[in-house]
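Following: one structure in structure tokens, then a few remarks.
Computed from the coordinates by the stated procedures, all read-outs in this text should not be read as laboratory data. Values in this document were obtained by computation on a predicted structure and should not be read as measured data. Here the Cβ is made from the backbone with ideal geometry for all residues, glycine too, and neighbour counts use every protein chain on show.
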Amino acid sequence: MYKQLAVSLKAVSLATLFVASFSGVVHAEKNYLGLGLGQASSTIDEDGIRLISGPLISSDDKDSSFKFFYGHQVSEVIALEFGYTDLGNVSATESSLGIVDTYEFEVSGISLSALGKLPVSDRVDLFGRIGVFLWDSDFTVCLPSASGCIGGSDDGSDLLYGFGIDFKINDKIRLRGEYEMLDVDVVKAGAGEFSVLSGNLVFDF
């Protein structure tokens, strides 16, 4: 995971520096911290569950999410962000023959991304985001007719992207609304392809 992070950090940093060197914008460097709450929706690997347990599947593929992040504003229109996101707990049950098998997945991870901003007024910016999400998935599977409950984990790295709006309250505080897609591998993680709608509080310093 740490090797993946180092490679991803280098790739995004080089891309951002390349864009910044040709952007022709005035530099406006600053740092910021943020935290956010939202709702995550996912796709659960129902094909895999069907192969193990059967066809009568009921899924709960949404949960609350939270994140916190650190950002560095490279210029007026470019920023780099590093963050941690917890996507909550999603689950599925399969109830063939009156026996209920349960599958639970908890996915979280760290992200590195570049933001491109489009100022529309003194207080409002639109932005787009692209980067990488290095995730961990912890799962618990309970099969009453077989071995009881077992747990495990997996990890990987996948694309993330999104867009949103920043509203400046004052020189130190901003509100941010954002929609993100975290393209986590569904089969490998058990639950993936997350979409997250969040509200965030950002503190500039």
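Roughly how big is segment 42-87's charge dipole about its Cα centre, with Cβ charges of +1 (Lys, Arg) and -1 (Asp, Glu), in debye to the nearest 20? Could the numbers behind the result be given before it?
Values: 3 positive and 9 negative charges, 10 e Å.
Charge dipole, segment 42-87, about its Cα centre: 40 debye, nearest 20.
Label points 7 Å out from Cα along the Cβ direction at Ser145 and Lys172: separation in nm?
6.2 nm
Positive end of the charge dipole of the chain (Lys, Arg +1 and Asp, Glu -1 on Cβ, about the Cα centre): tell me which of Ser75, Leu35, Val187 has its Cα farthest that way.
Positive-most Cα among the choices belongs to Ser75.
Could you work out how much longer the chain between Glu29 and Leu118 gets when fully extended? Use 0.36 nm per residue separation minus the Cα distance between them, nm to one decimal. Before the final figure, lay out the partial values.
On the way: separation 89, 0.36 × 89 = 32.04 nm, distance 1.62 nm.
Length gained, Glu29 through Leu118: 30.4 nm.
Among Val202, Phe139, Val124, flag the residue with its Cα farthest along the positive direction of the charge dipole of the chain, charges on Cβ as +1 for Lys/Arg and -1 for Asp/Glu.
After comparing all options, I get Val124.
So what is the 222 nm mean residue ellipticity for the chain from helices alone, if each DSSP H run of at least 4 adds -39500 (n - 2.57) and you divide by all residues, rounding to the nearest 500 deg cm²/dmol? Intermediate results must be reported in sequence, preceding the final value.
Details: 3 runs with 33 residues, N = 205.
-5000 deg cm²/dmol, from helical runs alone.
Before anything else, pin down the relative contact order of segment 2-204: Cα pairs under 8 Å, at least 6 apart, normalised by residue count, whole percent.
Details: 540 pairs, mean separation 42.1, N = 203.
Over segment 2-204, the number comes to 21 percent.
Quick one: dipole size for the chain, taken about the Cα centre, charges +1 on Lys/Arg Cβ and -1 on Asp/Glu Cβ, in debye to the nearest 20. Numbers along the way, then the final one.
Values: 14 positive and 29 negative charges, 177 e Å.
Using only the charged Cβ atoms, the result is roughly 860 debye.
Of the residues Val132, Val100, Val90, which exhibits the maximal mean-square fluctuation in a Gaussian network model of the chain defined by a 10 Å Cα contact cut-off?
Highest fluctuation of the listed residues: Val100.
Looking at [x] 1.02; [y] 1.07; [z] 1.04, which value of Rg/Rh (Cα atoms, Kirkwood Rh) comes from a calculation on the structure shown?
Computing Rg/Rh (Cα atoms, Kirkwood Rh) and matching it to [x] 1.02; [y] 1.07; [z] 1.04 gives [y].
Calculate one ³J(HN,Hα) per residue across segment 189-203 by plugging θ = phi - 60° into the Karplus curve 6.51 cos²θ - 1.76 cosθ + 1.60, and present them in order as whole Hz with x for glycine and proline.
Karplus-based 3J(HN,Hα) across segment 189-203 equals 8, x, 9, x, 6, 6, 10, 10, 10, 9, x, 9, 10, 10, 10 Hz.
Nearest 10 degrees is fine. How inclined is helix 2-23 to the longest principal axis of the chain, computing both from alpha carbons?
30 degrees
For segment 73-168, give the magnitude of the charge dipole about the Cα centre (Cβ charges: +1 Lys/Arg, -1 Asp/Glu; no others), in debye to the nearest 20.
Working: 4 positive and 15 negative charges, 83 e Å.
Roughly 400 debye, rounded to the nearest 20.
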